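Colleague: Pasting in a structure now, in structure tokens, and then I'll have a few things to ask.
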Amino acid sequence: MNRYVTFTIGDGLYGVDVLRVQEALRAHARTRVPLAPSGIAGLVNLRGQVVLTVDLRPRLGLAPLGQDAEPMMVVVQVDGEPVSLLVDEIGDVLDVPADQVETPPETLDPALRSLIVSACTLDRRLLLVLDVDEAAAA
């Protein structure tokens, strides 16, 4: 059995291994990083710790979230350090049987291949499992 914290970005359902997730919360005020690539949304102060925030939308080929929309943060562990991933909405923690976890579909955009480690066929949707290390390297 595989356990994933799920979230949506655009129309897609994504997940990360629950063991990599530190917490999920509303987005905090971010401090911009001058000359940072488009995937770096800034830095947040998370209870006294400075945490890098990564916006996955540019990596997924999606337009920026509207000004009035309030993103959520999934804080994951990467090399022992917290990294915040901006997502549209937090979902549930899902237990997925091992026989429903497959390699990413051939129809997946080649630009996304490095971000997706597996795909899970659910009742009504496809869950794409992110490679946390690659996603945080935005």
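Colleague: Report the local net charge at L126: Lys and Arg +1, Asp and Glu -1, summed over other residues whose C-beta lies under 14 Å from its C-beta.
Modeller: Neighbour charge sum, excluding L126 itself: -3.
Colleague: Follow-up. Which residue fluctuates most in the GNM of the chain (Cα springs below 10 Å): V18, V33, V83?
Modeller: V33
Colleague: For the residues R47, R125, R59, what sequence is obtained by ranking on other C-beta atoms within 10 Å, fewest first?
Modeller: So the residues, fewest neighbours to most, are R47, R125, R59.
Colleague: Going by how many other beta carbons lie within 10 Å of each one, how would you line up T121, T53, fewest first? Before the final figure, lay out the partial values.
Modeller: On the way: T121 13, T53 24.
Result, fewest neighbours first: T121, T53.
Colleague: When all alpha-carbon pairs of region 2-136 are counted, what percent fall beyond 23 Å?
Modeller: 30 percent
Colleague: Of the DSSP beta bridges with both residues in the chain, give the percent that are antiparallel, rounding to the nearest 5. Provide the component values of the computation, followed by the final result.
Modeller: Values: 38 of 45 bridges.
Expressed as a percentage, antiparallel bridges in the chain total about 85.
Colleague: Could you give the dipole magnitude of the chain about its Cα centre, charging the beta-carbon of Lys and Arg +1 and that of Asp and Glu -1, in debye to the nearest 20?
Modeller: I would put it at about 460 debye.
Bear in mind that the values in this text are calculations on the coordinates, not laboratory data. It should be emphasised that the depicted structure is a prediction, and the values quoted were computed from it without experimental measurement. Every residue, glycine as well, gets a Cβ built from its backbone with ideal geometry; the counts of neighbours run over all protein chains shown.
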